[in-house]
1. Count neighbours as other Cβ atoms within 10 Å of each site's Cβ, and list the GluC sites (Glu not before Pro) in segment 138-224 that are DSSP loop with at most 15 such neighbours.
2. Run through the DSSP bridge list for the chain and note the antiparallel percent, rounded to the nearest 5.
3. Can you give the net charge of the other residues whose Cβ lies under 12 Å from the Cβ of TYR386, counting K and R as +1 and D and E as -1?
4. In straight Cα distance, which lysines are under 26 Å from LYS109, not counting same-chain residues fewer than 8 positions off?
5. Scan around ASN214 for amide H atoms under 5 Å from its own, H built in the peptide plane at 1.01 Å from N, and keep only partners 5 or more places away or cross-chain.
6. Give me the distance between the Cα centres of segment 368-387 and segment 130-194, rounded to whole Å.
7. What angle do you read, to the nearest 10 degrees and between 0 and 90, between the alpha-carbon axis of helix 172-189 and the longest principal axis of the chain?
8. Which angle between 0 and 90 degrees, to the nearest 10, do you get for helix 98-108 versus the longest principal axis of the chain when only C-alpha atoms count?
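The values are calculated or read from the model by the stated rules, or taken from the named source; none is laboratory data. Remember, it's a predicted structure, so these values are computed and weren't measured experimentally. In this analysis, Cβ positions are derived from the backbone assuming ideal geometry, glycine residues included, and neighbour counts consider all displayed protein chains. Ligands, DNA and RNA are stripped out before the accessible areas are found, and what is left, the full protein with its side chains, is counted by its heavy atoms. Shrake-Rupley method; radii C 1.70, N 1.55, O 1.52, S 1.80 Å.
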Amino acid sequence: MENNQKKVIVSLKDIFVRFDGEVILNHINLDIHEKEFVTILGPSGCGKTTTLRIIGGFVEPESGDVIFDGSKINGTPPNKRNVNTVFQKYSLFPHLNVFDNVAFGLKLKKLPKAEIKKKVTKMLATVDLKGYEKRPVTKLSGGQQQRVAIARALVCDPDVILLDEPLGALDLKLRKSMQIELKEIQRQTEKTFIYVTHDQEEALTMSDTVVVMNNGVIEQVGTPEDIYNEPVNAFVADFIGEANILNGTMIDDCRIRILGKELECVDKGFGRNTPVDVVIRPEDIIITPPEKGQLTGIVESTTFKGVHYEMSIRCGKCEIIVQSTRSAEIGSEVGMCVVPFNIQIMNKLLPFYDNIIETEVSYADESSNTFEFELEGETVTVENRYYPQGTKLKITLPPDALSLAGDGNGDLTDVYIESVVYKGEHNEIILESDERKWLMLSDVDEQVATYVPLNFDFDKAKFEVLQDAEG
Ligand code: ATP
């Protein structure tokens with residue numbers, strides 16, 4: 001709500017970027033408000049840095065507009081934009097001391113010496129480096145060097161500061177204290193900070209607004225609380241914090257079925273008997289005696305985590321993670337309750353569950369009981385089955401008929417792993433090939449944003465003849 005009153009300082013309109021034929025940013029739209037700490041969060045390779053570079057002017061979009069304070073700035077070189085960038089490798093000048101590093105941009109602008117001194121001194125105080133003016137930057141710690149880089153970006157007084165994983169090179173403890181300092185610097189200076197990270201905790205700690213990206217698109221924009229409490233889909237829920245993500249069926253408004261049990265929830269408008277994804281955070285599950293639980297399960301493991309115990313509880317084929325201040329004995333049966341408000345219902349990432357190919361037999365050999373068809377420019381061979389050449393077929397592949405080929409010889413050679421979401425039983429993996437998306441089940445944690453060969457197990461497939469071969 002507060003955002004409605006703040007002015008939009010940077011606006012990305014329908015930005016489309018391709019590198020080497022690959023779509024990197026797929027028509028993204030984003031408004032960034034002044035004086036906000038905005039974090040672009042997402043897995044490696046999802047397009048975060050490219051988004052930042054579009055704003056900074058280091059990459060030009062193939063189509064779409066970059067608007068800065070109401071004016072289109074496509075084509076304006078980086079040094080003419082009212083933004084400054086802090087990179088992960090701070091790129092300080094090693095032969096200059098702290099003062100001269102920070103003063104560099106102001107000297108280029110040919111500001112009077114006295115003014116430079118005033119501005120640099122003030123900025124060094126803001127980043128808590130007062131008294132370090134004469135120190136060679138090579139004699140500073142990682143955290144101090146990072147603060148010099150931030151002071152150097154801020155001293156020229158740009159409206160917007162772009163920060164590309166600036167704390168990535170620091171150890172965990174230093175990173176945590178720098179996160180708080182950075183937020184404080186942003187608050188004091190009232191600049192817009194646009195910060196890129198793949199660390200969800202970092203994003204939740206520092207930001208006013210979090211932009212969650214995946215595979216070249218923006219999945220959700222919201223406050224850290226919104227993103228955590230009301231994820232729009234299983235990808236966001238899985239990426240932000242710990243979550244139990246389960247397959248469920250929305251029976252009707254406010255009624256959901258999960259793990260064979262009907263529970264009350266607060267969501268409406270999904271229709272009747274609609275397959276949905278259901279998110280329950282581990283801290284929202286209350287352990288009860290078995291007879292009082294909405295769900296029951298057997299405790300498989302329990303680990304003390306300082307503030308709470310983390311338990312893994314088996315409900316049939318599914319594993320549920322629960323955080324509780326009280327532990328339960330391994331092997332014992334427990335009940336679990338969730339208040340309706342804490343059950344989040346989301347549309348499934350893919351509207352379909354089976355993978356369907358409609359195709360025509362391109363070659364058939366009755367003697368060896370095989371046939372072939374063309375799929376996205378590749379020839380796929382099906383063994384132990386025969387249909388005459390020219391037969392039109394519908395092939396339905398359940399998600400467990402897909403696997404990633406380790407030897408590089410897949411039925412499709414290059415398929416992109418778009419998302420991996422653990423559903424308590426196995427990973428649901430969404431793959432993207434040239435013309436379609438695929439749903440695969442796997443027990444292996446596959447690496448998102450990589451290309452892999454894909455194999456089909458046609459023994460698990462269902463074949464329907466749509467039209468017999470002519471003649
Ligand atoms: P990371 O967290 O790993 O830095 P990211 O989300 O910031 O990832 P980008 O750096 O925006 O991702 O890259 C998105 C995709 O674009 C990646 O697959 C990357 O290999 C590719 N890419 C980035 N820059 C170029 C370039 N100049 N030429 C070709 N491909 C590029």
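1. GLU190
2. That works out to approximately 85 percent antiparallel.
3. My count for the surroundings of TYR386 gives -3.
4. LYS35, LYS72, LYS80, LYS89, LYS117, LYS118, LYS119, LYS122, LYS130, LYS134, LYS191
5. Answer set, sorted by chain and number: GLU219.
6. 59
7. The two axes meet at around 60 degrees.
8. Around 90 degrees separate the two axes.
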